[in-house]
Amino acid sequence: MNNVVKYGLQALAYAAFAVVIGYFSTFPRYQHLAPDEALLRLSFKHPGKPVGECRERTAEELAKLPPHLRNKIECPRERSPVRAVVELDGKPLYDEVFRPAGLKRDGAAAGYRRLAIPAGRHTLTVGFNDDVRAKGFTYERSATVDVKPGQVVLIDLVSDKGGVVIR
């Protein structure tokens, strides 16, 4: 076969490949949300409270330890899981427990969820519990949000900013 035919067939193969890629880059159309929906996004990374109280070691316990490990106060490393509850207009929308990270479960719990909600005016109630010893929620917030179609409402847990952040 001569070079003109080889290059011609190669160009035809590249053109066919480009047409296939071009078609599938636009069809079938992907619709992120329905036209009358908005997105509620829960995203946080938060270390729960320790699962137990710190205690003071006795003199006998300290004597048994190597000198470099002789801390007078002993605290548990394990952290509490973080429970997240979201209600929309008084109806439960989401309820999940996020476990702490790490082999000893001493890291922060991280959560990320996306929930489609209808557009419009809603009362959003969010509660977090980061302490297994506490009843109810340790952080809670309720807000009225006016959500437009396609808008994203973010829920975060930032203890430095007072707890639950809704924006």
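Every read-out reported here was derived from the displayed coordinates using simple, explicitly stated rules and does not represent laboratory data. In this text, all values refer to a predicted model and were calculated from it rather than measured experimentally. Cβ coordinates were reconstructed from backbone atoms using ideal geometry, including for glycine residues, and neighbour counts include every protein chain displayed.
Results, tabulated for the structure shown:
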item: Subset of the range 60-96 that is touching a residue at least 24 places away in the same chain (Cβ under 8 Å) and acidic (D, E) - its residue that is surrounded by the fewest Cβ atoms within 10 Å (Cβ to Cβ); result: D89
item: Yes/no for A101 being of a type outside the set (D, E, K, R) and either more than 25 Å from R41 (Cα to Cα) or in a loop (DSSP other than H, G, I, E, B) (or both); result: yes
item: Members of the range 122-167 that are in a strand (DSSP E or B), hydroxyl-bearing (S, T, Y) and touching a residue at least 24 places away in the same chain (Cβ under 8 Å); result: T123, T125, Y139
item: Test result for V153, of a type in the set (A, V, I, L, M, F, W, C) and over 20 Å from the mean Cα position of the chain (by Cα); result: no
item: The listed residue being surrounded by 11 or more Cβ atoms within 10 Å (Cβ to Cβ), over 26 Å from V164 (Cβ atoms) and either out of contact with any Pro (no Cβ under 8 Å at 6 or more places or on another chain) or without any contact (Cβ under 8 Å) to a residue 24 or more places away in the chain (or both), out of R41, R99, R57; result: R57
